[in-house]
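Undergrad: One structure is given below, represented as structure tokens, and several questions about it will come after.
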Amino acid sequence: MGLKNVINNLFGSKEENDCMKVLDMLDSILDEEANPAETQKFKEHIEKCMPCYEKYNLDKSIKELLRVRCNHSKPPAGLVDSIRLQISQSGRA
Amino acid sequence: MAKNQYSDEQKNKVFNEEFMPHIDSLYNFAHRLTFDEDDAKDLVQDTYLKAYRFIESFEQGTNAKAWLFRILKNSFINDFRKKSKQPPKVDYQEVETFYNSDDVDRPITTDLRAETLKDMIGDEISNALNSLDVDFRTVIILCDLEGFKYDEMAKILDIPIGTVRSRLHRARNLLKEKLSSYAKKMGYI
Ligand SMILES: [Zn+2]
């Protein structure tokens, strides 16, 4: 937690503090690493806070897009055979 | 490391049933690390040969995919990056120190919206990912493309979970900045 957060905790409004705490959980929520209590708290917050909902929605869309669009390079034909051949040769050595 | 005695038949069974099914993911990872088809092929081949050679230190029933990714990542660092003619990348420690400021930890303010992403129908997301420094690129690949959990990533990368979290967070912010600049260039925002 950075200095800015500390200052905000001391002087920030209640709402800003809530948002900041919730946004700290964003990665864990997206990656399904948060515990049930955190997940519940997060859900309740984004139902009534549009800015946080939008940040969540953006990050979620990017994560989804990465999964769908970036998994396309397939191994060249022959790689599997070449691996098997090398292994059968090394086995004999 | 526990040693398991496998007969040749068992070795081949583990290799075919637990290791080979991950070849597509390993190749995609290798390709995004090296940006070269031949290098990616060599790296994957090397990974499988090592996996076979050290098969006795693989505990059956544990996560074969994570184990293979760890071998590939180590081969990339130890063998490939050294041989590669690419100019040396920025030392990660330096990058981490540079980004280790409140400026990068803050949730970035961006005009980018989920709806804008739907307009990006080309290779923008893939290019944005490839533009990231290798250590940031790696955590995104492991987490978002391959679905590894934080504890698995920590083992694959030999770093503490806290570092996995902070590196991933920074990587996502950098990726968003990149996407945001593409969106501006293309006139979406
Ligand atoms: Zn909020």
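The values are calculated or read from the model by the stated rules, or taken from the named source; none is laboratory data. What you see is a predicted model, and the numbers here were worked out from it, not measured in a lab. So basically every Cβ, Gly included, is an ideal-geometry build from the backbone, and we count neighbours across all protein chains shown. Remember, those area values only see protein heavy atoms, side chains included, never the ligands or the DNA or RNA. Shrake-Rupley method; radii C 1.70, N 1.55, O 1.52, S 1.80 Å.
Undergrad: Could you check the spin-label model distance between residue B:119 and residue B:78? Points 7 Å from the Cα along Cα→Cβ, value in nm.
TA: 4.9 nm
Undergrad: Excluding residue B:31 itself, calculate the net charge of residues whose Cβ lies under 15 Å from the Cβ of residue B:31, where each Lys or Arg counts +1 and each Asp or Glu counts -1.
TA: Net charge in that neighbourhood comes out at -3.
Undergrad: For B:163, B:138, what's the largest-to-smallest order of accessible area, 1.4 Å probe?
TA: Ranked list, largest accessible area first: B:163, B:138.
Undergrad: Leaving ligands, DNA and RNA out of it, rank B:118, B:65 by accessible area with a 1.4 Å probe, largest first.
TA: B:118, B:65
Undergrad: Now a separate question. Efficiency by 1/(1 + (r/R0)^6): what FRET value for residue B:11 and residue B:161, r their Cβ-Cβ distance, R0 = 22 Å, to the nearest 0.05?
TA: So the FRET efficiency works out to roughly 0.10.
Undergrad: Across peptide B:139-147, how many C-beta atoms of other chains are within 10 Å of each residue C-beta, on average?
TA: 4
Undergrad: Ok, one more. Show log10 I(q)/I(0) for the range B:117-180 at q = 0.13 Å⁻¹, two decimals, from a solvent-free Debye sum over equal Cα scatterers.
TA: Result of the Debye calculation: -0.35.
Undergrad: Given the range B:118-189, what count of lysine pairs have C-alpha atoms under 23 Å apart, with each pair 8 or more places apart or on different chains?
TA: Counting lysine pairs in the range B:118-189 gives 7.
Undergrad: Further question: Where does the charge balance sit around residue A:74 when Lys and Arg score +1, Asp and Glu -1, over other residues with C-beta under 14 Å from its C-beta?
TA: 0
Undergrad: For residue A:67, what accessible surface area do you get with a 1.4 Å probe? Give it in Å², rounded to 10.
TA: 120 Å²
Undergrad: Could you derive backbone 3J(HN,Hα) for the range B:155-161 from the dihedral phi with the Karplus parameters 6.51, -1.76 and 1.60 (θ = phi - 60°), listing whole Hz in sequence and x where the residue is Gly or Pro?
TA: 6, 4, 9, 6, 9, x, 4
Undergrad: Give the average, rounded to an integer, of partner chain Cβ atoms located within 10 angstrom of each Cβ in A:80-89.
TA: That average works out to 4.
Undergrad: Could you order A:20, B:153 so the one with the most accessible surface comes first? Probe is 1.4 Å.
TA: A:20, B:153
Undergrad: Under the definition of partner shielding as Cβ atoms of other protein chains within 10 Å of a residue Cβ, what is the mean value for peptide A:41-51?
TA: 0
Undergrad: While we're on this one: If the cut-off is 18 Å between C-alpha atoms, which aspartates and glutamates fall inside it for residue B:13, apart from same-chain ones fewer than 8 positions away?
TA: Result set, ordered by chain and number: A:81, B:56, B:59.
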